[in-house]
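Structure first, then comments.
The values are calculated or read from the model by the stated rules, or taken from the named source; none is laboratory data. Fair warning: this is a prediction, and the values are worked out from it, not measured in the lab. Neighbour counts are summed over all protein chains in view; Cβ atoms, including those assigned to glycine, are modelled from backbone coordinates with ideal geometry. These area figures cover heavy atoms from the full protein model, side chains too; ligands, DNA and RNA do not enter into them. Shrake-Rupley method; radii C 1.70, N 1.55, O 1.52, S 1.80 Å.
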Amino acid sequence: MVQHLLYIDPGSGSYLVQIIAAAVLGVAMFFKNIKLYIKSFFHRTKKDKDTPPS
Amino acid sequence: MSPFQYHPASYRDPAGFVFELDGKLYRQVNTVYRTQYAQLMQSGCYDQLVNKGWLLPHTALNNNPTGQPEALCTIEPDRLFFISHPGEWSFDMLRDAALLTLWILRESLKHELILKDATPFNIQFRNGKPVLIDTLSFEHYHGNEPWVAYRQFCEQFLAPLVLMHYTGQSLQQLLLAYPEGIPVATAAALLPRRSRWSLHINLHIHLHARVSKRAAQATEQQTSPRAFSRTKLLNLISSLESAVHHCRLKEDSTAWSDYYTEAATRDGYLVAKKELVGKMIAAVPNVHTIADLGANEGLFARMAAENGKQVIAADQDAACINRLYSELKKEALPVQPLILDLAAPTPATGFRNKERASFISRCNADLVLALALVHHLAIGRNIPLAMAAAFFRDVSPWLLIEFVPAEDEKTKVLLAAKQRAYPDYTEAGFERAFSADFSIEQKNPVPHSNRILYLLKRK
């Protein structure tokens with residue numbers, strides 16, 4: 001059987017915040033994707049500089 | 001069997017611990033961590049992370065040095081010449097450590113693993129780049145749970161970065177005051193109202209603080225994590241990454257940040273000084289590690305590193321250290337940049353005051369460089385020369401120190417701000433004070449100036 005070794009306290013409400021944040025981000029992503037889709041008609045998409053070096 | 005010593009900071013995680021044996025550091029992996037460790041090593045996750053330079057590589061031992069029955073195996077991680085504390089890092093160092101944590105988290109998810117903790121104490125800097133040192137930070141990922149270390153990430157990485165971003169101040173001292181991270185409620189209370197306009201910062205700090213407060217007041221405790229899809233987790237990681245990217249420290253020109261640009265304009269002074277310092281360092285036998293105290297932007301630290309030395313480059317000026325770090329990122333030199341106030345160096349902290357060692361006990365330099373520093377200690381901080389000598393004696397057996405006389409332009413600026421006299425601040429007074437702890441091995445005037453370089457050996 002797999003034993004979990006999660007020794008840190010996730011913090012009260014931390015899971016709930018992640019659920020709320022994910023819901024908000026889901027909506028934000030939806031609109032961002034639409035924006036990017038429209039933009040891509042007019043501009044060449046640039047590489048996102050946020051990506052880590054490989 | 002020779003006795004081993006538990007590392008005083010390695011007691012939280014039941015998966016294993018770090019110990020010291022015959023001057024080397026090892027990590028024992030316990031049998032309770034068997035499946036997680038196997039997953040890390042066999043899924044290709046370890047190789048990926050090590051190849052990218054994100055995880056400190058290790059070699060596995062084929063014996064059990066502790067003799068404990070719960071030992072699954074023992075590993076020997078690559079040796080780092082200095083262990084720094086997050087409170088000694090510049091803004092960009094903390095920011096890069098935060099990004100590295102998120103990149104490792106994303107990479108580990110590809111191998112069905114997740115980070116079970118997110119603390120800057122698990123990150124160190126090697127040749128100007130951050131690296132994760134805790135091989136046991138990985139836990140199985142089942143594809144449906146939130147991130148257990150989310151709050152820890154927000155409090156230990158995001159909160160200090162966001163506070164520095166919005167105040168424009170270097171707040172490294174806060175990391176020392178809050179070793180477990182700045183509570184999101186504290187960060188939210190300190191942040192200006194406009195920080196709410198950033199979606200990501202609002203979610204991870206402001207909303208986080210509100211929801212945590214409500215949850216703490218609620219009688220019913222939420223015990224088990226609710227289902228949380230992989231897509232949601234990846235969105236959350238991207239959002240945290242955007243929040244970290246949002247944080248930038250404005251480049252202000254500080255008192256000492258243009259020191260060398262200005263110094264270089266004086267005819268041949270810097271060139272001659274570099275040559276002399278290089279010669280005097282070469283005269284010291286068996287030097288591997290140098291501590292450049294009052295390093296400014298690390299001109300001499302980098303010169304020493306280019307000559308094959310490992311260098312700890314410390315300065316009180318956060319902007320200088322940040323700039324040195326940016327240079328090191330390009331050059332990949334073995335220099336450890338550090339923000340340090342020599343009049344109050346990092347103390348020993350943590351449980352029993354033993355968990356995190358003080359700067360003096362961590363600094364195992366063979367030689368200390370103290371260039372254009374002594375007037376700041378003696379006049380700027382009113383430290384008697386004999387006490388300054390005692391400090392250097394504690395740090396290293398050899399000292400290359402520059403005496404900056406009272407007639408020097410830089411000293412005059414410091415003296416002008418003071419109402420008191422410093423009758424002992426003379427060449428003779430300097431030699432008298434340092435002779436109690438050191439013998440003078442070399443004494444050379446710095447060309448084109450009235451300064452003197454001394455090479456001193458601890459008595």
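Before we move on, is residue A:47 at pLDDT below 85 and more than 14 Å from every other protein chain (Cβ to nearest Cβ)? So residue A:47 passes the test.
Hey, among the residues in the stretch B:114-159 that are within 13 Å of chain A (Cβ to nearest Cβ) and aromatic (Phe, Trp, Tyr), which one's nearest to residue B:312 (Cα to Cα)? So the residue we want is B:121.
Look at (1) within 14 Å of chain A (Cβ to nearest Cβ); (2) open to solvent by 50 Å² or more (accessible area, probe 1.4 Å) and you find that residue B:193 fails only one, number (1). Among the candidates B:284, B:277, B:311, the residue that is open to solvent by less than 20 Å² (accessible area, probe 1.4 Å), among the β-branched types (Val, Ile, Thr) and touching an Asp or Glu at 6+ places or on another chain (Cβ under 7 Å) is uniquely B:311. Does any residue in the stretch B:343-355 that is under 16 Å from residue B:12 (Cα atoms) and open to solvent by less than 40 Å² (accessible area, probe 1.4 Å) come within less than 6 Å, Cβ to Cβ, of a residue that is part of a loop (DSSP other than H, G, I, E, B) and hydrophobic (A, V, I, L, M, F, W, C) six or more places away or on a different chain, and which pairs are these? Listed pairs, sorted by first residue: B:355/B:9. Within the stretch B:101-112, the only residue that satisfies the criterion of being surrounded by fewer than 22 Cβ atoms within 10 Å (Cβ to Cβ) and touching a strand residue (DSSP E or B) at 6+ places or on another chain (Cβ under 8 Å) is B:112. Filtered by the rule that a residue be open to solvent by less than 50 Å² (accessible area, probe 1.4 Å) and within 11 Å of chain A (Cβ to nearest Cβ), the stretch B:4-28 gives B:13, B:15, B:16. Of the residues making up the stretch B:395-424, not one is closer than 22 Å to residue B:282 by Cα and without any contact (Cβ under 8 Å) to a residue 40 or more places away in the chain. The criterion of at least 3 residues that are within 18 Å of the chain's Cα centre (by Cα) and touching a residue at least 12 places away in the same chain (Cβ under 8 Å) is met by the following strands (runs of 3 or more DSSP E) wholly inside the stretch B:77-167: B:123-126, B:129-132. Looking across the stretch B:29-42 at every residue that is away from chain A (no Cβ under 12 Å) and touching a helix residue (DSSP H, G or I) at 6+ places or on another chain (Cβ under 9 Å), the one that is most open to solvent (accessible area, probe 1.4 Å) is identified as B:41.
In the stretch B:298-346, of all residues being among the small types (Gly, Ala, Ser) and touching a strand residue (DSSP E or B) at 6+ places or on another chain (Cβ under 9 Å), the one that is nearest to residue B:87 (Cα to Cα) corresponds to B:318.
Name the single residue that is modelled with the lowest pLDDT among those in the stretch B:225-234 being open to solvent by less than 70 Å² (accessible area, probe 1.4 Å), of a type outside the set (Phe, Trp, Tyr) and assigned to a loop (DSSP other than H, G, I, E, B). Taking the candidates together, the pick is B:225. Restricted to helices (runs of 4 or more DSSP H) entirely inside the stretch B:342-459, no element has at least 2 residues that are more than 22 Å from residue B:315 (Cα to Cα) and touching a Pro at 6+ places or on another chain (Cβ under 6 Å).
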